[in-house]
Amino acid sequence: MLNDLISEARYAEMRGICIRSAQRERALRIGPAYIKLGRRVFYRPEAIEAWVLANERAQPRANGGRS
């Protein structure tokens, strides 16, 4: 289980953001659930996936919804 955890640096790299942005998301409680072990932060792949899916948006129609 611990081998599956994603480090804070790896998570930020995967998202294409800096570590500070990941930290800001946590402070604002808008990022995925995380695990803190001592001073280190880790993410479960399942938590990242759930967070991404929860933030999924439907693409609006180009013509404003008119047929």
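The values are calculated or read from the model by the stated rules, or taken from the named source; none is laboratory data. All values derive from a computational prediction rather than experimental measurement. Cβ coordinates were reconstructed from backbone atoms using ideal geometry, including for glycine residues, and neighbour counts include every protein chain displayed.
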**Request:** Please enumerate the residues belonging to the stretch 41-61 that are surrounded by 10 or more Cβ atoms within 10 Å (Cβ to Cβ) and among the small types (Gly, Ala, Ser).
**Result:** Ala47, Ala50
**Item:** Per-region count, the stretch 20-40, residues touching a strand residue (DSSP E or B) at 6+ places or on another chain (Cβ under 7 Å) and surrounded by 15 or more Cβ atoms within 10 Å (Cβ to Cβ)
**Value:** 2
**Prompt:** Any idea how many residues of the stretch 12-27 are of a type outside the set (A, V, I, L, M) and within 20 Å of Leu2 (Cα to Cα)?
**Reply:** 1
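Hey, can you tell me all the residues within the stretch 28-67 that are assigned to a helix (DSSP H, G or I) and over 24 Å from Leu2 (Cα atoms)? Can you show your working first?
Quick first cut of the stretch 28-67, residues assigned to a helix (DSSP H, G or I) only: 28, 45-54.
Of everything in the stretch 28-67, those that are assigned to a helix (DSSP H, G or I) and over 24 Å from Leu2 (Cα atoms) turn out to be Leu28, Ala54.
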**Members of the stretch 3-16 found to be more than 19 Å from Ala50 (Cα to Cα) and either at pLDDT 95 or above or among the aliphatic types (A, V, I, L, M) (or both), listed by number** = Ala9
